[in-house]
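Colleague: One structure coming up, written as structure tokens, with questions to follow.
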Amino acid sequence: MLSQLYIENIAVIEKATIDFHKGLNVLTGETGAGKSIIIGSMHGILGERTSRDMIRSGANSAFVSGLFTDLTESVKEKLNQLGFEAEEDGSILIQRTIQAEGKSTCRINGRPAAVSVLKELGKTLMNIHGQHESYHLLSPELHIHYIDKMGNLDALAEEYRSVYKELKSLQAAIGEQAANEAEKLRRIDLLTYQIDELEKANLLENEKEELTELKNKMIHAEKIALAISEAKIALDGNEIYDGMLSALTGVMASLQAVEQYFPALTPVIQKICEISYELEDVSTSLREQEEQMEFDSGKLLEIEDRLELLYRLSVKYGQTTKEMLSFLEQCKKELSEITRSEETLLRLNENYEILKERAIQLARLLSEKRKETADQFTKKVKEELQFLNMPGMNFVVDQERIPLNNNGCDKIQFFISVNPGEEAKPIAKIASGGELSRIMLAIQTVLAARDELDTMIFDEIDTGISGGAAQKVGLKLYEVSQNAQIICITHLAQIASLADHHLLIQKQVKNNRTYTEVFPLNYENRKYEIARMIGGETITPLLLQNAEEMIQSAK
């Protein structure tokens, strides 16, 4: 509920702190005292459009804040959806500053917020019913929620919305799959070609590197063979040259001949012997290499052709055969996933049909129950309207079948005809401000404890009525206030006398400046204010007595 409204530098209000309470809160005052300013300030914290013309003359900015306490679950849920949360004591403070240059800034619990966020949150906080606006009644898309509330259909509606949400999600997934069908076919063709080309090549890991090495060896075979031959001659000798092995054998024989006379030569002889054995191993290896150096021009051609193929593939698929083989595996994996996506699409379509049937069943059930509820709702609202001295008004709930949407398969609007014999038309088109307020009052009376909206503001709901009708409107306001906070601006004593909390809006002139202030009234002050409302400026003992009787009668 709205616990406190603070207004600063808005029109004739310099500063005002207004405390509201549970039950029926009534604001009274003379015409022009500033009641409309309070309503305008409430509009401001609800995210409605503001104007720099609101700013008090001589001020650079205007400020309004609303403190809401005892939040309903719907308010808390909406806060979370919008990315905010209540304070530890379960309250929220909405603030709005309007600058002289026309800009405005908003905050929720001290955090910056967009005006659109205030507007969205405001729908769950309070509803203002005045002569020129009634948010919910003027919004046909909200009428369906009254019927759901009346019939206790919220749980069924939520079950349907859950199924419908999943249905739309599946529909989007199917659409995405279908939209990519042409691209998938192109991708399948490309992947199939790439896989076929790489598999036909029979690639081996490190093949390109090994063949490159072999090619270099074959191209330089003559030079390699000459180097090996010269090395062998140096080691083994030939007809002209004895070679290193023969020389080492001679050296070793000379030293061995004198070893017995000079034992210190033994380690040297052993080392020469080891070197000789190692050189013999080298000679053997060179001989083996020489035997492999046979040059085959046909083999070289095959290697060059193979390397040419590997080069062409490497340009497209990777520098090394290892990279190309990795690319091949990726292609196979992607092709497999695309193939499986066909199965996925089939499964999505099957699930969609099952879910669609479930959504249709729930929507039809919801529609049938709404039809039953609408009949009861219409009857009760008509009874309330008759009680509120609107017997000639015909109230109709128009239910139209439409394609599945978030609310089911129904479009529901409230129609009225003001006078007997006239065709009923959408309520937003023909109802006046006062009529809208009383229609909303009748609806809220019917819904009573079912509606979670915590605060309702009725701005001059008494327009055009008096006497017994005013008394009935007051009784209905009090009845509704047992389940919701009601704030009512009125000119009628019959309504003011029923207030749980009475506030006076008073305008004064000080130092050639106009100031409006709001005072809570005690019992004695209430008597004087109600007496003024009954009889005007001159307050007589009889008027005071009548006022006291009205207050006591209300109790």
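The values are calculated or read from the model by the stated rules, or taken from the named source; none is laboratory data. These numbers were taken from a predicted model, which means no experiment stands behind them. Heads up, the Cβs are rebuilt from the backbone with ideal geometry, glycines too, and the neighbour counts pull from every protein chain shown. The area values use the complete protein model at the heavy-atom level, side chains included, leaving out ligands, DNA and RNA. Shrake-Rupley method; radii C 1.70, N 1.55, O 1.52, S 1.80 Å.
Colleague: Looking at (1) open to solvent by 10 Å² or more (accessible area, probe 1.4 Å); (2) touching a residue at least 60 places away in the same chain (Cβ under 8 Å), find the lone condition where Phe68 falls short.
Modeller: Phe68 satisfies every listed condition except (1).
Colleague: Hey, can you tell me all the residues within the stretch 366-391 that are open to solvent by 70 Å² or more (accessible area, probe 1.4 Å) and in a helix (DSSP H, G or I)? Give the steps one after another, and end with the answer.
Modeller: In the first step, residues of the stretch 366-391 are kept if they are open to solvent by 70 Å² or more (accessible area, probe 1.4 Å); the result is 368-369, 371-372, 375-376, 379-380, 382-383, 386-387, 389, 391.
Selection gives Glu368, Lys369, Lys371, Glu372, Asp375, Gln376, Lys379, Lys380, Lys382, Glu383, Gln386, Phe387.
Colleague: Of all residues being open to solvent by less than 10 Å² (accessible area, probe 1.4 Å) and free of Cβ contacts under 8 Å to residues at least 60 places away in the same chain in the stretch 410-446, which is nearest to Val381 (Cα to Cα)? Just the residue, please.
Modeller: If we take residues in the stretch 410-446 being open to solvent by less than 10 Å² (accessible area, probe 1.4 Å) and free of Cβ contacts under 8 Å to residues at least 60 places away in the same chain, then Gln444 is nearest to Val381 (Cα to Cα).
Colleague: So is Ile465 open to solvent by less than 20 Å² (accessible area, probe 1.4 Å) and modelled with pLDDT under 75 or not?
Modeller: For Ile465, the condition - open to solvent by less than 20 Å² (accessible area, probe 1.4 Å) and modelled with pLDDT under 75 - is not met.
Colleague: Could you identify the single residue in Leu245, Leu265 that is open to solvent by less than 60 Å² (accessible area, probe 1.4 Å), touching a Ser or Thr at 6+ places or on another chain (Cβ under 7 Å) and not charged (D, E, K, R)?
Modeller: It is Leu245.
Colleague: Looking at Ile487, Ile534, Ile495, can you tell me which residue is hydrophobic (A, V, I, L, M, F, W, C) and either assigned to a strand (DSSP E or B) or modelled with pLDDT under 85 (or both)?
Modeller: Ile487
Colleague: Kindly indicate the residue of the stretch 90-124 that is part of a loop (DSSP other than H, G, I, E, B) and at pLDDT 90 or above and also surrounded by the fewest Cβ atoms within 10 Å (Cβ to Cβ) among those meeting that condition.
Modeller: Across the stretch 90-124, the extreme among qualifying residues is Gly110.
Colleague: Need pairs with beta-carbon distance below 7 Å; first residue on the phi > 0 side of the Ramachandran plot and within the stretch 26-42, second assigned to a helix (DSSP H, G or I); sequence gap 6+ or separate chains.
Modeller: Close Cβ pairs (under 7 Å, with a partner that is assigned to a helix (DSSP H, G or I)) amount to Gly29/Lys35.
Colleague: When you scan the stretch 243-356 for helices (runs of 4 or more DSSP H) that lie fully inside it, which ones turn up with 2 or more residues that are modelled with pLDDT of 85 or more?
Modeller: 266-292, 297-317
Colleague: OK, next. Do you know which of the residues in the stretch 522-555 that are free of Cβ contacts under 8 Å to residues at least 12 places away in the same chain, charged (D, E, K, R) and under 22 Å from Gly23 (Cβ atoms) is most open to solvent (accessible area, probe 1.4 Å)?
Modeller: Here the answer is Lys555.
Here is a yes/no grid of residues against (1) exposed (fewer than 13 other Cβ atoms within 10 Å of the Cβ); (2) of a type in the set (Lys, Arg); (3) in contact with an Asp or Glu (Cβ under 7 Å, 6 or more places away or on another chain); (4) within 30 Å of Asp305 (Cα to Cα):
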residue: Glu183; (1), (2), (3), (4): yes, no, no, no
residue: Ile195; (1), (2), (3), (4): no, no, no, yes
residue: Asn202; (1), (2), (3), (4): yes, no, no, yes
residue: Leu226; (1), (2), (3), (4): yes, no, no, yes
residue: Glu230; (1), (2), (3), (4): yes, no, no, no
residue: Leu235; (1), (2), (3), (4): no, no, no, no
residue: Gln256; (1), (2), (3), (4): no, no, no, no
residue: Tyr261; (1), (2), (3), (4): yes, no, no, no
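Colleague: Which of the residues belonging to the stretch 476-496 are open to solvent by 10 Å² or more (accessible area, probe 1.4 Å) and farther than 26 Å from Phe68 by Cα?
Modeller: His491, Leu492, Gln494
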